[in-house]
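**Q** Sending over a structure as structure tokens; questions will come in a sec.
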Amino acid sequence: MTGVSIDGVRVEREGRVVLDVRTLTLAAGRTTAILGPNGSGKTTLLRAIAGLEPLRAGSVSFDTSAAETKRDVAYVFQEDVFLRESVHWNLEIGLRLRGTEARERQRRIAGAASRVGVEHLLERRADRLSGGEGRRVSLARALCLHAPVVLLDEPLAGLDERGYARLIDELPRIVEAFNATTILVTHSRDEALRLANDLVVLVDGQVLAAGDAHAVATNPRVAAVAEVLGYTVLTLPARRIAVPPGGLRLGSGEVECVMTVDRVVDLVGAAEIVGRVDGSVLRIPCASGDARPASGERVTIHATQFSPLD
Amino acid sequence: MTAIVLRTLLVSGLATLLAVLVGVPAGYLIARRSFRGRTLLLGVVNTGMGMPPVVVGLIVWVMLVRSGPFGDLGLIYTQAAMVVAQFLIATPIIIGFTAASIQALSPRLPDLLTVLGAGRVRTLWLLAREARLGLLVAVMAAFGAIVSEVGASMIVGGNLERSTRVLTTAIVTETSRGEIERALLLGLVLLALSFVVNLTLTVVQQRSRP
């Protein structure tokens, strides 16, 4: 197994720092999700690991016991990138370039296609696949390579609801089949927690939190991390707290504040109250038995669970 | 007539080959690299694609004539001078079409090939393969432009009967002599030649269509 060590990596574009990572170790054999808002440097970090991004400073090293010094990675790009050839050729080209023997190439292609469910697509033109098919073929191409490090840049991006639901169920098994150190970029907390053992939160090019996924997700500690993880950050008179998704309710409680209602959204059988506390927009579920407040009305809300912030 | 046809093929074929050797890498660099003056350079190339051959011929003549800066080379009124002029006409066409066909590829394709394990040369080869339809259009357009031009060949070649007369300049000569039937025959040969070359390239292009 191969781990990845990132030491003092700095990437600049047009004089602006887009990535500044002092120290980060991605443990061998584990799946790490890199989570952050748009433009936080997630893809740049992945490209730096793949050796595709020129570094202004620092280094990325693979901790491997093998004598192999070449950076051996498989990369699933955010958008589908294929040669204008058949799916089979697109799966085979990486193996050819790596000097894999013909019989082994066919064995790996058949195995990966079967695992990802694209056997029926092998003779189709790769650049004419649908979004869901393209995602699967990209995953199969990465799987064929048997690379010790696999980089997945938003592997579920651009899928429709049905395709997303099917692939997110299958993805844990596919990631397991990689049998590699897998690094996944996502801006979805849900995807990160479903797929990863470890979590790295990246904001404005800097690592604000890293560690075991459950530990990071349940104890965000700083507001920026909490927001990335989907928490609602509330500023109370003496402290700031992070409330996890679904942790706010109408009515009084131990930790409460007053919200000004903007509107009530009817969700057929349920409703959502959209309002503001100190300029922050909040969405509170409104149970069917609750009285629906009017726009402009001030209502008391409380947190059913929360984490204190530093 | 056979000598004129062979001379036409030799001069225009050699000029096209040289233009491909220079124009394809140049078009790739313009398409893929960011550098100061890139847009200006692309503008110059696009202007060059529509440059009148007679103007190119005049510039080359000024350079190669005995009293010109490269007069000592003794190239004026030779096939080499015609190749130089036709090369200058063909190269912007090759660069322009190459840049356009490379730009039409996914910008992530070089990254993909790098990650898959292709070195720099293999990456370039695979990208050229990917853009092959556009590159063959570039070759056809360039060859078509220079095999049919008359102004540059006339000025720098001098239309010498046994050494620099090609099909287009021969047509001008026969027409001016009043030999209309012979001029028409040469015109048909030129059309047939152009058709055969372009048909061959088209067959290659369509066979390699992904």
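The values are calculated or read from the model by the stated rules, or taken from the named source; none is laboratory data. All figures in this text were calculated on a predicted structure; none of them were measured in a lab. Cβ sites come from the backbone with ideal geometry, for glycine too, and all protein chains shown count toward neighbours. Ligands, DNA and RNA are stripped out before the accessible areas are found, and what is left, the full protein with its side chains, is counted by its heavy atoms. Shrake-Rupley method; radii C 1.70, N 1.55, O 1.52, S 1.80 Å.
**Q** Which of the numbered conditions does A:Val21 fail, given that it passes all the others? Conditions: (1) within 14 Å of another protein chain (Cβ to nearest Cβ); (2) within 21 Å of A:Gly211 (Cβ to Cβ); (3) touching a helix residue (DSSP H, G or I) at 6+ places or on another chain (Cβ under 9 Å).
**A** Unmet condition: (1).
**Q** Provide a single number: the residues in the stretch A:94-140 that are within 10 Å of chain B (Cβ to nearest Cβ) and open to solvent by less than 10 Å² (accessible area, probe 1.4 Å).
**A** Here the count works out to 4.
**Q** I'd like to check something: does the stretch B:140-150 contain any residue that is at pLDDT 90 or above, more than 20 Å from B:Gly13 (Cβ to Cβ) and away from chain A (no Cβ under 14 Å)?
**A** No, that holds for no residue.
**Q** Looking at (1) open to solvent by less than 30 Å² (accessible area, probe 1.4 Å); (2) within 14 Å of chain B (Cβ to nearest Cβ); (3) modelled with pLDDT of 95 or more, can you tell me which one A:Val81 breaks?
**A** (3)
**Q** Can you tell me how many residues within the stretch B:118-132 are more than 9 Å from chain A (Cβ to nearest Cβ) and either open to solvent by 20 Å² or more (accessible area, probe 1.4 Å) or touching a residue at least 60 places away in the same chain (Cβ under 8 Å) (or both)?
**A** Within the stretch B:118-132, residues that are more than 9 Å from chain A (Cβ to nearest Cβ) and either open to solvent by 20 Å² or more (accessible area, probe 1.4 Å) or touching a residue at least 60 places away in the same chain (Cβ under 8 Å) (or both) number 7.
**Q** For A:Leu95, state whether it is over 25 Å from A:Gly158 (Cβ atoms) and touching a Cys at 6+ places or on another chain (Cβ under 7 Å).
**A** yes
**Q** Same structure again: Let me confirm something: among A:Thr44, A:Thr32, which residue is within 14 Å of chain B (Cβ to nearest Cβ), open to solvent by less than 80 Å² (accessible area, probe 1.4 Å), in contact (Cβ under 8 Å) with a residue 12 or more places away in the chain and touching a Leu at 6+ places or on another chain (Cβ under 6 Å)? Steps first, answer last, please.
**A** Values: A:Thr32 fails: within 14 Å of chain B (Cβ to nearest Cβ).
A:Thr44 is the lone residue from the list that is within 14 Å of chain B (Cβ to nearest Cβ), open to solvent by less than 80 Å² (accessible area, probe 1.4 Å), in contact (Cβ under 8 Å) with a residue 12 or more places away in the chain and touching a Leu at 6+ places or on another chain (Cβ under 6 Å).
**Q** A:Ser59 passes all but one of (1) outside any loop (DSSP other than H, G, I, E, B); (2) within 14 Å of another protein chain (Cβ to nearest Cβ); (3) surrounded by fewer than 16 Cβ atoms within 10 Å (Cβ to Cβ); which number fails?
**A** Going through (1) outside any loop (DSSP other than H, G, I, E, B); (2) within 14 Å of another protein chain (Cβ to nearest Cβ); (3) surrounded by fewer than 16 Cβ atoms within 10 Å (Cβ to Cβ) one by one, A:Ser59 breaks only (2).
**Q** Return the only residue of B:Val137, B:Val84, B:Val115 being at pLDDT below 95, in a helix (DSSP H, G or I) and open to solvent by 40 Å² or more (accessible area, probe 1.4 Å). Let's see the steps before the verdict.
**A** Details: B:Val84 fails: at pLDDT below 95; B:Val115 fails: open to solvent by 40 Å² or more (accessible area, probe 1.4 Å).
Going through B:Val137, B:Val84, B:Val115 in turn, just one is at pLDDT below 95, in a helix (DSSP H, G or I) and open to solvent by 40 Å² or more (accessible area, probe 1.4 Å): B:Val137.
**Q** Does B:Leu105 meet the test of being outside any helix (DSSP H, G or I) and in contact (Cβ under 8 Å) with a residue 24 or more places away in the chain? I'd like the intermediate steps shown before the answer.
**A** Details: outside any helix (DSSP H, G or I): yes; in contact (Cβ under 8 Å) with a residue 24 or more places away in the chain: yes.
Here the answer is yes, as B:Leu105 does meet what is asked.
**Q** So, one more: Between a first residue in the stretch B:151-179 that is among the charged types (D, E, K, R) and a second residue that is surrounded by 17 or more Cβ atoms within 10 Å (Cβ to Cβ) and not in a helix (DSSP H, G or I), which pairs have beta carbons less than 8 Å apart while being 6 or more apart in sequence or on different chains?
**A** Taking only residues 6 or more apart or on different chains, the pairs are B:Arg165/B:Asn159.
**Q** Return yes when A:Glu68 is within 14 Å of chain B (Cβ to nearest Cβ), closer than 18 Å to B:Ala118 by Cβ and at pLDDT 95 or above and no when it is not.
**A** Values: within 14 Å of chain B (Cβ to nearest Cβ): yes; closer than 18 Å to B:Ala118 by Cβ: yes; at pLDDT 95 or above: no.
No; evaluated as a whole, the condition is false for this residue.
**Q** Kindly indicate whether A:Ala74 is of a type outside the set (D, E, K, R) and crowded, with 22+ Cβ neighbours inside 10 Å. Show your work before the answer.
**A** Numbers: of a type outside the set (D, E, K, R): yes; crowded, with 22+ Cβ neighbours inside 10 Å: yes.
For A:Ala74, the condition - of a type outside the set (D, E, K, R) and crowded, with 22+ Cβ neighbours inside 10 Å - is met.
**Q** So, one more: Among what's in the stretch A:255-292 and is outside any strand (DSSP E or B) and within 18 Å of A:Thr232 (Cβ to Cβ), pick the residue that is most open to solvent (accessible area, probe 1.4 Å).
**A** Start the filter on the stretch A:255-292 by keeping residues that are outside any strand (DSSP E or B), which leaves A:255, A:267-270, A:278-279, A:287-292.
Retained after the next criterion (residues that are within 18 Å of A:Thr232 (Cβ to Cβ)): A:255, A:278-279.
Values: A:Val255: 8, A:Asp278: 129, A:Gly279: 59 Å².
Among them, the one singled out is A:Asp278.
**Q** Just give me the residues in the stretch B:1-57 being aromatic (Phe, Trp, Tyr) and in contact with a Ser or Thr (Cβ under 9 Å, 6 or more places away or on another chain), in sequence order. Can you show your working first?
**A** The first filter runs over the stretch B:1-57 and keeps only residues aromatic (Phe, Trp, Tyr), leaving B:28, B:35.
Correct list: B:Tyr28 only.
**Q** For the stretch A:147-169: of the residues being touching a residue at least 60 places away in the same chain (Cβ under 8 Å) and surrounded by fewer than 19 Cβ atoms within 10 Å (Cβ to Cβ), which is nearest to B:Leu116 (Cα to Cα)?
**A** Among those residues, the one meeting the criterion is A:Ala157.
**Q** Which members of the stretch B:27-46 meet the condition of being assigned to a helix (DSSP H, G or I) and surrounded by fewer than 19 Cβ atoms within 10 Å (Cβ to Cβ)?
**A** Here is the first cut: in the stretch B:27-46, the residues assigned to a helix (DSSP H, G or I) are B:27-32, B:38-46.
The answer is B:Leu29, B:Arg32, B:Arg38, B:Thr39, B:Leu40, B:Leu41, B:Leu42, B:Gly43, B:Val44, B:Asn46.
**Q** Within the stretch A:198-209, identify whether any single residue is modelled with pLDDT of 90 or more and surrounded by fewer than 16 Cβ atoms within 10 Å (Cβ to Cβ), and answer yes or no.
**A** yes
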